[in-house]
Amino acid sequence: MKKMQAFNSFGNLYKGKTVLVTGHTGFKGSWLTAWLLSLGAKVVGYSAYLPSDPCNFMVCDLKNYITGIEGDIRDIGALKRVFLKYKPEIVFHLAAQPIVRRAYDDPKLTFDTNVMGTVNVLESIRTASGVKAAVIITSDKCYQNVEWTWGYRENDKLGGEDPYSASKACAEIACHSYVKSFFTGKDFPRVSTTRAGNVIGGGDWADARIIPDCVRAWAKGKKAYIRNPNSTRPWQHVLEPLSGYLWLGANLFISGRMHGEAFNFGPDQKVDKPVAELIKMFVSYWGNAAWKQAQSKVDKRESTLLKLSCDKALHLLDWHAVLSFEETVKMTADWYKRFYGGERDMYRFTVKQIEEYARLAEKQTLAWTKRK
């Protein structure tokens, strides 16, 4: 089966480019890989493991379309050899320990991966030749969350009381340090960071996430148990932040104007919904399913309210989210229903959803959809 081509979005910049994606086997990494392939990029993936069984990377058979390297982001020697051998022009760094509750169980692993792993990527970019642009993906949880009702802006205070949030704040600080200390010359690599969260979409089977927990239970005819049904989140489909990452990467490659900047990528305030409402909407598309609130035995603090201001992305990148809450949930449910319904070619269906999303964005005349 041949790679499928989608729209020539992002100014057709990615066609023929060698792009390194760390964490390419993860949920967001695998969707980004599929989108890059559809744009004609030559993708090199670097990841230590498959995050779940099943996982989107294997379900979509992406291993047959890329150069995949099994390697730990904490191994700087192995990482530098990848940069030396494949000479990527653009880097998207997504490799991380991404689960908040897992960080409580293994905080050292979380800090080693999320902080020093990021430093290893920055150091590899610094010492390699040929990298023109790099997008470092952190998290919306990098902000010092004081539970206020308005969105956090990129210049608000970084922090984090739990290990995961703190590790992402540290990664942001490390990036800022490298930009100011090393990426300052005429031909320097251009680097930016991005912050997004509460991402849903087909192909996510990670532990301790709401939609994956529900799907795993419902696929077996069981009841799903939800920890915090009253927590409010700005839910967004995985393609929303990915469109921001790709557009930011294209802008960095073309111009240094965005160099050293941080960007939030999130949905409209209308998409801020309680967990219970998300599940109710998902059930309306999924079909018969049951859930109840779980009784938590361990006090592992998680924020009840966290949202971002995306005015900077709108102003500087002409970027905003595309999908409504209903469209976000429906697209997610459609993917899982197709998979559990026995669809054999989930790669084709995944690219179809990317194309559908791009068409909706094109109707809204977003800058990244304009063809070269």
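The values are calculated or read from the model by the stated rules, or taken from the named source; none is laboratory data. Treat the numbers as computed from the prediction; the structure is a model and nothing was measured. All Cβ positions, even for glycine, are placed from backbone atoms using ideal geometry, and neighbour counts span all protein chains on display.
When you go through Ala289, Ala219, Ala313 one by one, which is the residue that is surrounded by fewer than 16 Cβ atoms within 10 Å (Cβ to Cβ) and touching a helix residue (DSSP H, G or I) at 6+ places or on another chain (Cβ under 8 Å)?
Details: Ala289 fails: surrounded by fewer than 16 Cβ atoms within 10 Å (Cβ to Cβ); Ala313 fails: surrounded by fewer than 16 Cβ atoms within 10 Å (Cβ to Cβ).
Step by step, each of Ala289, Ala219, Ala313 is checked, and only Ala219 is surrounded by fewer than 16 Cβ atoms within 10 Å (Cβ to Cβ) and touching a helix residue (DSSP H, G or I) at 6+ places or on another chain (Cβ under 8 Å).
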Q) Going by the structure shown, is Lys312 in a helix (DSSP H, G or I), farther than 20 Å from Trp35 by Cβ and of a type in the set (D, E, K, R)? A) yes
Q.
Which of the numbered conditions does Gly160 fail, given that it passes all the others? Conditions: (1) surrounded by fewer than 23 Cβ atoms within 10 Å (Cβ to Cβ); (2) of a type in the set (Gly, Ala, Ser); (3) within 29 Å of Gly256 (Cα to Cα).
A. (3)
Q.
I'd like to know if segment 311-318 contains one or more residues that are within 22 Å of Trp205 (Cβ to Cβ), without any contact (Cβ under 8 Å) to a residue 60 or more places away in the chain and touching an Asp or Glu at 6+ places or on another chain (Cβ under 9 Å).
A. no
Q. Consider Gly40 against the criteria (1) in a helix (DSSP H, G or I); (2) touching a Lys or Arg at 6+ places or on another chain (Cβ under 7 Å): it satisfies all of them except one. Which criterion is unmet?
A. (1)
Q) Condition test on Lys186, is it out of contact with any Phe, Trp or Tyr (no Cβ under 6 Å at 6 or more places or on another chain), surrounded by fewer than 20 Cβ atoms within 10 Å (Cβ to Cβ) and free of Cβ contacts under 8 Å to residues at least 40 places away in the same chain? A) yes
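Scanning segment 166-192 for residues that are in a helix (DSSP H, G or I) and of a type in the set (Ser, Thr, Tyr), which turns out nearest to the chain's Cα centre (by Cα)?
Ser167
Conditions tested, residue by residue: (1) within 21 Å of the chain's Cα centre (by Cα); (2) among the aromatic types (Phe, Trp, Tyr); (3) over 22 Å from Val91 (Cα atoms).
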residue: Val238; (1), (2), (3): yes, no, no
residue: Pro241; (1), (2), (3): yes, no, no
residue: Phe265; (1), (2), (3): yes, yes, no
residue: Asn288; (1), (2), (3): no, no, yes
residue: Gln295; (1), (2), (3): no, no, yes
Q: Hey, could you check segment 177-204 for residues that are more than 25 Å from Leu32 (Cα to Cα) and of a type in the set (S, T, N, Q) and say which is modelled with the lowest pLDDT?
A: Thr184
Q) Given (1) within 18 Å of the chain's Cα centre (by Cα); (2) over 27 Å from Glu154 (Cα atoms); (3) assigned to a loop (DSSP other than H, G, I, E, B), where does Thr350 come up short, assuming only one miss? A) (3)
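If we only count helices (runs of 4 or more DSSP H) wholly inside segment 83-156, which ones have 1 or more residues that are within 21 Å of His176 (Cα to Cα) and among the aromatic types (Phe, Trp, Tyr)?
On the way: elements: 100-105, 107-111, 117-127.
Correct list: 107-111.
When you look at Thr118, is it surrounded by fewer than 15 Cβ atoms within 10 Å (Cβ to Cβ) and of a type outside the set (A, V, I, L, M, F, W, C), yes or no? First the steps, then the outcome.
Values: surrounded by fewer than 15 Cβ atoms within 10 Å (Cβ to Cβ): no; of a type outside the set (A, V, I, L, M, F, W, C): yes.
So Thr118 does not fit the description; no.
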Q: Examine segment 193-206 for a residue that is surrounded by fewer than 23 Cβ atoms within 10 Å (Cβ to Cβ) and over 19 Å from the mean Cα position of the chain (by Cα), and state whether such a residue exists.
A: no
